[in-house]
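The values are calculated or read from the model by the stated rules, or taken from the named source; none is laboratory data. Every value quoted in this text rests on a predicted model; they were computed, and no experiment measured them. Quick reminder, even Gly has a Cβ in these numbers, built from the backbone with ideal geometry, and neighbours come from all protein chains shown. Accessible surface areas use protein heavy atoms only, side chains included; no ligands, DNA or RNA. Shrake-Rupley method; radii C 1.70, N 1.55, O 1.52, S 1.80 Å.
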Amino acid sequence: MIILDFETFSHADLPTVGAYRYATHPTTDVALLAYQLPGEAVQTWMPTAPIPADLQGALAAGEPVLAHNAAFDRDIYEHVLQPRYGFPPVTGRWLDSRALCALLGLPRSLENAGEALKLAQRKQVDGKRLIQLFSQPHAKGLFHGRVLATDAPDEWARFVAYCRQDVATTAALVDRLKAYLPQLELDHACWEADYRMACRGILADLDLAAAITVSAENLLAGIERECQTLTGGIGPGQVQALTAWLHRQGVHFDSLGETEITEALTGNLAPAVRRVLELRLEGSRSAWRKVYAIRDAATADGRLHDQLAYGQTHTYRWAGRGVQLQNLPRPRIKREEITDAIKLLQQDPAAFPLFFTKPVEALSSLMRSLLCAPDGLRLGVCDFAKIEVVVLAWLAGDVETVAALERGDDLYKQLAARIYKVPVDAVTDGQRHTGKSGILGGGYSAGWRAFQASCRKQGLQINESLARATIDAYREKHAPVVKFWADLERAAIRAVGTGKPQPVGNHLVFHAEDAWLFCRLPSGRNLSWFQPRIRRVEKYGETVPELRFSGIGKNGKPMEAHTFGGRLCENVVSSTARDLLAASLVAAEREGLNPVLTVHDELICEGPPGIGAALSEIMLRRPEWAREVPIDCEWKEGQRYVK
């Protein structure tokens, strides 16, 4: 195995533009390469030297190449080192020790992972300062803003030592975790497909983005002027001053958030107050501002790359980064109105406010439509239907629900019928919505208070009585799920306490090994908790065991965390649903469907007409380990991205 690490220079800002755009930027260059061959000491290479014979030989022999955050190093290798310096192609596999850390529930950064594992080898602490000196444009740089080794030889020596130490630390990390490399191999096909998806990117309509920007900025300027006229100089963004003005008009607010204003607008208000609140509501809509991030992130061909972080969550799901395409706002106008809005912006943008009573809200509803296919191609969008409900029923052994899903029964109506004590065919749309919230919100042991709070966040106002009735009805109807929560918690605690494998149902096994608690998922992948331990705590008037482990804080460093049956349930269900999506991604890439993005349980591919149906056929395939899972999906196809 070859372990390597690059230090680079560029005028591009890596956190802003992402690895692909950074690697393909014309100013990006290799400053230094450190590498280690099996059984050898760490070596370094600079662009002024010939290609190292030992490295060339190892690459020709097909040795796998490992790096921490390997997607970046691979981009640099393929877009800079090969074309500019004549290095041979990598014929072996690329492996990512960062992905291995994610699989094992460790901090993702090399520094924090080394700290968590107490490795003897650690990253050098002055790396950030050296990177600012040699990897970014600097006032001391005489060569196009670049500081060279000859400009600061002592600092350069430290920079070389820093790069070498990164390789030594990565090697120590891999040596510590070598027993778990088979888990990395198990998921390698998905990592490879994800890398190719990131390189491919998804096309953004930059002309439409520019039209949205101009229209929104003009609209906001008009909102600002009108609000100041009505209030005597107070703009909609001046919250304290605007709250005081409203107070003087006899209208009192603790907050000027959307929920509070929307509720107030249902009452009797003076015309000026009503209009000011409408202006505040419309002027505070900021979702359209994603157009700035899209504009800044797009490459010259208009595509967005590196928009997902692989295995970023505890359940190894993708997380958004960059533009945050997994967090695009839900449209608040109808689909046909979206089409009309786009045509208006393209043909007569000045008329746009005449056709929409809330024009800024309408512009925010176009964010998904900014993602599109090139002329002559289509985006196929396919989403697993109710996948976590499906997986939960299967894992929990809720055979009645699995059978209902296979028949195509409406689970939401069935639960609503229990909640409201009416026949299923008499359930109203509003009652069904409550049933849907109960199905989606009750599966992970949420109590009525948590359920009520969750509904409020989604704009659904339910009282205590209805919240209690919903949770009670869910638990009565899905008794195997309630048992599943307890079984998971009991098995996890026993695995840690006894060191013996603890099966849960027919598809999961907890076992403690080394410094981890593992749950073997149906796919064969392990879900991991680092440094598990049992602590006795007071709960419900008695002393009970609680499972604690070393989690990851918002700063990326280790932190004490605890878990319980409902959260373990959410973990194993989300992880299994992720593995189903991963299998579809691998198949779609292998069969040439050109995946360009995943969003939660959705896969998006770019291809000729018919791409949507082809993608649906792939996602309906059940992996060998999930033959009994009643998978279903919904798909669409079009020029632009739609849910």
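Considering segment 222-238, and only residues there that are assigned to a loop (DSSP other than H, G, I, E, B) and over 12 Å from Arg280 (Cβ atoms), the residue that is most open to solvent (accessible area, probe 1.4 Å) turns out to be Gly232.
Just give me the residues in segment 484-524 being assigned to a loop (DSSP other than H, G, I, E, B), within 24 Å of Ala626 (Cβ to Cβ) and open to solvent by 10 Å² or more (accessible area, probe 1.4 Å), in sequence order. Even if it seems obvious, please write down each step before you answer.
Step one: list which residues in segment 484-524 are assigned to a loop (DSSP other than H, G, I, E, B), which gives 499-501, 505-507, 514-515, 521-524.
After this cut, where a residue has to be within 24 Å of Ala626 (Cβ to Cβ) as well, the list is 501, 505-507, 521-524.
Residues satisfying the conditions are Pro501, Gly505, Asn506, His507, Pro522, Ser523, Gly524.
When Asp187, Asp166 are checked against the criterion of being of a type in the set (Asp, Glu), open to solvent by less than 30 Å² (accessible area, probe 1.4 Å) and touching a His at 6+ places or on another chain (Cβ under 8 Å), a single residue qualifies: Asp166.
Just for segment 579-633: of the residues that are charged (D, E, K, R) and outside any loop (DSSP other than H, G, I, E, B), which one is nearest to the chain's Cα centre (by Cα)? I'd like the intermediate steps shown before the answer.
To start, the set of residues in segment 579-633 that are charged (D, E, K, R) comprises 579, 589-591, 601-602, 606, 617, 621-622, 624, 627-628, 632.
Filter once more, so that each one left must be outside any loop (DSSP other than H, G, I, E, B): 579, 589-590, 602, 606, 617, 624.
On the way: Asp579: 15, Glu589: 20, Arg590: 23, Glu602: 12, Glu606: 20, Glu617: 25, Glu624: 27 Å.
Looking at the filtered set, the residue picked out is Glu602.
From the list Leu392, Leu366, which residue is open to solvent by less than 30 Å² (accessible area, probe 1.4 Å) and assigned to a loop (DSSP other than H, G, I, E, B)? Spell out how you get there, then give the answer.
Values: Leu392 fails: assigned to a loop (DSSP other than H, G, I, E, B).
None of the other options fit; the residue is Leu366.
Given the condition under 26 Å from Leu208 (Cα atoms) and either among the hydrophobic types (A, V, I, L, M, F, W, C) or open to solvent by 70 Å² or more (accessible area, probe 1.4 Å) (or both), answer yes or no: does some residue in segment 264-272 qualify? No, the conditions are met nowhere in segment 264-272. Exactly one residue out of Asp29, Asp5, Asp54 is of a type in the set (Asp, Glu) and closer than 28 Å to Ile294 by Cβ, and it is Asp29.
Mind listing just one residue for me: the one in segment 1-50 that is among the small types (Gly, Ala, Ser) and under 18 Å from Arg164 (Cβ atoms) and, of those, most open to solvent (accessible area, probe 1.4 Å)?
So the first thing to find is which residues in segment 1-50 are among the small types (Gly, Ala, Ser), and the list is 10, 12, 18-19, 23, 31, 34, 39, 41, 49.
Subset that is under 18 Å from Arg164 (Cβ atoms): 31, 34, 39, 41, 49.
Values: Ala31: 5, Ala34: 0, Gly39: 88, Ala41: 61, Ala49: 43 Å².
So, considering only residues that are among the small types (Gly, Ala, Ser) and under 18 Å from Arg164 (Cβ atoms), the one most open to solvent (accessible area, probe 1.4 Å) is Gly39.
Within segment 443-464, no residue satisfies the criterion of being crowded, with 19+ Cβ neighbours inside 10 Å and of a type in the set (D, E, K, R).
What are the residues in segment 239-262 that are under 33 Å from the mean Cα position of the chain (by Cα) and surrounded by 11 or more Cβ atoms within 10 Å (Cβ to Cβ), if any? Hits for segment 239-262 are Val239, Leu256, Gly257, Glu258, Thr259, Glu260, Ile261, Thr262.
Specify the residue that is nearest to Tyr22 (Cα to Cα); the eligible residues are those in segment 199-221 that are aliphatic (A, V, I, L, M), open to solvent by 20 Å² or more (accessible area, probe 1.4 Å) and in contact (Cβ under 8 Å) with a residue 12 or more places away in the chain. The selected residue is Leu203.
Suppose we keep only residues that are in contact with a Lys or Arg (Cβ under 8 Å, 6 or more places away or on another chain) and either polar (S, T, N, Q) or more than 20 Å from Arg490 (Cα to Cα) (or both) within segment 525-551. Which one would you say is least open to solvent (accessible area, probe 1.4 Å)? Step by step, filter segment 525-551, then rank; the result is Asn526.
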